[in-house]
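Chemist: Could you have a look at this structure, given as structure tokens, before my questions?
Derivation of every value follows stated rules applied to the coordinates shown; laboratory data play no part. All values derive from a computational prediction rather than experimental measurement. Neighbour counts are summed over all protein chains in view; Cβ atoms, including those assigned to glycine, are modelled from backbone coordinates with ideal geometry.
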Amino acid sequence: MTAPERDDAVLRALRAAAPSTVSGEALAAELGVSRVAVGKRIGVLRAQGYGIEAAAGQGYRLVSAPDLPLPAEVRPLLASSGWLPLGGGVTGSTNDDAKRLAREGAPEGTVVLAGEQTGGRGRLGREWASPPGGVYLSAVLRPDLAPSETAPLPLVVGVGVARALEHLGAEVRLKWPNDVYCADGRKVAGILVEMSAEAERVEWLVAGIGVNVRADRTSAPGACFLDEVVAQPAGLARVAAAVLDGLAEALRDFEAGGFDALRPDYERRAWLTSRDVVVRDIRGDVRASGRVAGVDESGRLVLEGPQGPAVVATGEVTLRVDV
Ligand code: BT5
């Protein structure tokens, strides 16, 4: 039994017994380890926030579980295989953690989870507000792609997140290139894709996703929270599992048919279509403006401008407010 399997087995046994106790001997026998090793496992679970009572001579009783995307909670909820979840508590930035692991050779599917980040990052050095009550995760991917073929990935990830949040009962929109909005245009999730590549080949990609779940007034102004737009609030582990399942499915579609296979799914939820927008580059200079016609087969934004159609691959899009 691997360490993660042992984690799952301890929790499974405690859950199966709750509200009764399960004896230390029974746990040790089930796991094939010593009672001391069981005691250590219980200590680790308590440190993660599980409420576990120990009754003298009777064993352990699970009284509460933390609302966190902990691997032992997420793993049994996953429909997709191939994810290797880690973390689940507080960290600086899951993207930084996942990048470090990728550099050290972590396999495809390694996922760093967190329920809070102290240094969450957006694009271009911007901050991602990451208070407790959100799901923050970063997946290591090693696709067989040339660097030039990765451009649609933020959109692919976006479709995966959108499907996941819809599965949980929310209505969402996708704002090109990397935002997930609630139906009213407030941002509920953000995506940050980072990569390391040689000239011809991608070495690794890290797909970072932050989802606002529990309403938090200290978060970013104008943020939307999943709890505000679903009938049934879901546990953070459930949200993380749904996002990973959605991501797995979208990546499979992309691998099988390129972005074109996902284009109808993107277009159906596209927030910007038929809106008048301005696209700026990093320096804030206007690159293009016009009415959004949609996205092309590589995920680029297509505008109908005063000088005819324009296609943009990168940029910041704002709605044009005529004065
Ligand atoms: C993004 O950047 O939207 C990408 C966010 C990616 C966050 C994930 S969490 C897991 C992983 N680990 C990380 O460190 N990052 C990734 P961008 O498009 O640059 O948007 C950032 C802007 O969104 C900020 O300047 C704020 O205006 C706004 N914002 C910040 N936090 C927000 C939040 N929690 N909800 C809604 N909007 C937010």
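Chemist: Over the alpha carbons of region 56-122, what is the largest minus smallest coordinate on each principal axis, giving the biggest first in Å?
Modeler: Projected onto its principal axes, the Cα set of region 56-122 covers 48, 29, 21 Å.
Chemist: Which order, highest average first, do 105-116, 150-161, 198-209 follow once you tally other Cβ atoms within 10 Å for each residue and take the mean per peptide?
Modeler: Packing proxy ranking, top to bottom: 150-161, 105-116, 198-209.
Chemist: Something else now. Using a Gaussian network model of the chain whose springs link C-alpha atoms within less than 10 Å, name the residue from G125, G87, G246 with the highest mean-square fluctuation.
Modeler: G125
Chemist: For region 178-323, what does the alpha-carbon gyration tensor say about shape, rounded, prolate or oblate, given a ≥ b ≥ c as the root eigenvalues, a/c under 1.5 as rounded, and a/b over b/c as prolate?
Modeler: oblate
Chemist: Hey, what number do you get for the chain at 222 nm if only DSSP H runs of n ≥ 4 count, each worth -39500 (n - 2.57), divided across all residues, to the nearest 500?
Modeler: Working: 9 runs with 97 residues, N = 323.
Calculated at 222 nm, the ellipticity per residue is -9000 deg cm²/dmol.
Chemist: Across 20 Å bins from 0, what is the distribution of all Cα-Cα pair distances for the chain, in whole percents?
Modeler: With 20 Å bins starting at 0, P(r) equals 30, 52, 15, 2, 0.
Chemist: Identify which of T21, T218, T94 has the largest mean-square fluctuation in a Gaussian network model of the chain, with springs joining Cα atoms closer than 10 Å.
Modeler: Comparing T21, T218, T94 in the GNM, the peak value goes to T218.
Chemist: Taking +1 at the Cβ of each Lys and Arg and -1 at the Cβ of each Asp and Glu, which of L62, P147, V279 sits farthest along the dipole of the chain towards its positive end, judged by Cα position relative to the Cα centre?
Modeler: Among L62, P147, V279, the one farthest towards the positive end of the dipole of the chain is L62.
Chemist: Pick from S93, S298, S130: which residue has the top mean-square fluctuation in a GNM of the chain where Cα pairs under 10 Å get a spring?
Modeler: Greatest mean-square fluctuation among the candidates belongs to S298.
Chemist: Give the order of M1, M195 when sorted by the count of other beta carbons within 10 angstrom, beginning with the fewest.
Modeler: Ranking M1, M195 by Cβ neighbours within 10 Å, fewest first, gives M1, M195.
Chemist: Give, rounded to the nearest 20 debye, the magnitude of the charge dipole that region 125-190 has about its Cα centre when Lys and Arg contribute +1 at Cβ and Asp and Glu contribute -1 at Cβ.
Modeler: Charge dipole, region 125-190, about its Cα centre: 120 debye, nearest 20.
Chemist: Compute the distance from the alpha-carbon center of region 150-192 to that of region 34-51, in whole Å.
Modeler: 37 Å
Chemist: Moving to a separate point now. Whole-Hz ³J(HN,Hα) for each residue in region 193-199, computed from phi via Karplus 6.51 cos²θ - 1.76 cosθ + 1.60 with θ = phi - 60°, x for glycine and proline: what do you get?
Modeler: In residue order, the calculated couplings are 9, 10, 8, 10, 9, 8, 4 Hz.
Chemist: For region 77-176, rounded, prolate or oblate, judged on the Cα gyration tensor with a ≥ b ≥ c (square roots of eigenvalues), a/c < 1.5 rounded, else prolate if a/b > b/c?
Modeler: The shape class here is rounded.
Chemist: Then there's this: Only four residue types carry charge here, +1 at the Cβ of Lys and Arg and -1 at the Cβ of Asp and Glu. Report the dipole size of the chain about the Cα centre in Debye, rounded to the nearest 20. Let's see the in-between values first.
Modeler: Numbers: 36 positive and 42 negative charges, 153 e Å.
So the magnitude is around 740 debye.
Chemist: For region 54-181, what proportion of DSSP beta bridges, expressed in % and rounded to the nearest 5, is antiparallel?
Modeler: 60 percent
Chemist: Kindly provide log₁₀ I(q)/I(0) values, in the same order as q = 0.16, 0.19, 0.21 Å⁻¹, from the Debye equation applied to equal alpha-carbon scatterers of region 1-86.
Modeler: After summing over all Cα pairs, the log10 values are -0.60, -0.84, -1.01.
Chemist: Which of the DSSP-defined H helices in the chain satisfy a minimum axial length of 30 Å, computed from C-alpha atoms, and a minimum mean Kyte-Doolittle hydropathy of -0.5?
Modeler: The qualifying helices are 236-257.
Chemist: From the Cα trace of region 185-225, what convex hull volume per residue do you get, rounded to a whole Å³?
Modeler: Details: hull volume 3.5 nm³, N = 41.
About 86 Å³ per residue, rounded to a whole number.
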